1. Of Leu23, Val37, Ala12, whose Cα points farthest to the positive end of the dipole of the chain (charges on the beta-carbon: +1 Lys, Arg; -1 Asp, Glu; origin at the Cα centre)?
2. Treating only the Cβ atoms of Lys and Arg (+1) and Asp and Glu (-1) as charged, compute the dipole magnitude of the range 78-146 about its Cα centre; round to the nearest 20 debye.
3. Could you state the number of Å between the C-alpha centres of the range 129-149 and the range 25-44?
4. Could you give the dipole magnitude of the range 1-126 about its Cα centre, charging the beta-carbon of Lys and Arg +1 and that of Asp and Glu -1, in debye to the nearest 20?
5. Taking the square root of 5 times each eigenvalue of the Cα gyration tensor, what semi-axes in Å does the equivalent ellipsoid of the chain have, largest first?
6. Could you rank the peptides 204-213, 65-74 by their average count of other C-beta atoms within 10 Å per residue, with the highest value first?
7. Take the Cα radius of gyration of the range 78-146 and divide it by 2.2 N^0.38 Å, with N its residue count; two decimals is plenty.
8. Rank Val26, Val158, Val118 by mean-square fluctuation in a GNM of the chain with C-alpha springs under 10 angstrom and give only the top-ranked residue.
Amino acid sequence: MDGAAPLARFAAEEIGWPGSPVLRDVSLSLRTGERIVILGRSGAGKSTLLGAIRQRLEEAGQTVALVPQEHGLVPQLSVHHNVYMGRLDAHGTLYNLANLLWPFARERARTAPWIDTVGLSGLERRAVETLSGGQRQRTALARALFRGGEVLLADEPVSAVDPAQGAGLLDALGARFPTLVLALHDRDAALRVATRIIGLREGRVMLDAAPDALGPDDLAMLYAA
């Protein structure tokens, strides 16, 4: 992995909007096989950094799966249809419209294993707007799992489920994707899943290290008032 070119690189860059950076002097790289967790207080810039990484990866032609913090689902459509949307770009418009009106058995068979992986079997035909918050989040995870790709970018992907269920879902993501970049609020989950932790504070990257190189004070510093 050390000899391979990075999937994405930032060199002393400002990230945000022209004239209004959210993060300053960002220098980091992302390599295949890493499991990066971004930590920091609310408003520290975790989502902004994820968005910048996404843009850099897509510019490089990488296939990226996304789990946005607000899920990005279509409430009126079923669980199956929302999961299927993970691969809309694999088919033409007419095929996708036909599957919307009368879902093909072969497409139901393709989404079913991932719906089962996140614990939503039996809810395939339910409209997402009728689901609980945790079920909606798991629908978004199933969509990303169905899509697959080289890299998963996920913003608080298990915040609406209990810790035990969240651990299983993070394991499923790790088994599906070679490379992960996750923004999490749960420090224990971060230490368990990450090979590398990036900590944000006051608009800067304040730490970038392997979990076993960090102590409790290092993480507490990110959240101190």
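1. Selected residue: Val37.
2. Working: 9 positive and 5 negative charges, 13 e Å.
Here the range 78-146 has a charge dipole of around 60 debye.
3. 23 Å
4. The calculated dipole for the range 1-126 is roughly 320 debye.
5. Equivalent-ellipsoid dimensions as semi-axes: 32, 19, 16 Å.
6. Numbers: 204-213: 13.7, 65-74: 17.3.
The peptides rank, most packed first, as 65-74, 204-213.
7. With N residues counted in the range 78-146, Rg over 2.2 N^0.38 Å equals 1.02.
8. Ranking Val26, Val158, Val118 by mean-square fluctuation puts Val26 first.
Laboratory data are not the source of any read-out in this text; all were calculated from the coordinates shown. Given the structure is predicted, the values throughout are model-derived calculations rather than measurements. Cβ: placed from backbone, ideal geometry, glycine included. Neighbour counts: every protein chain shown.
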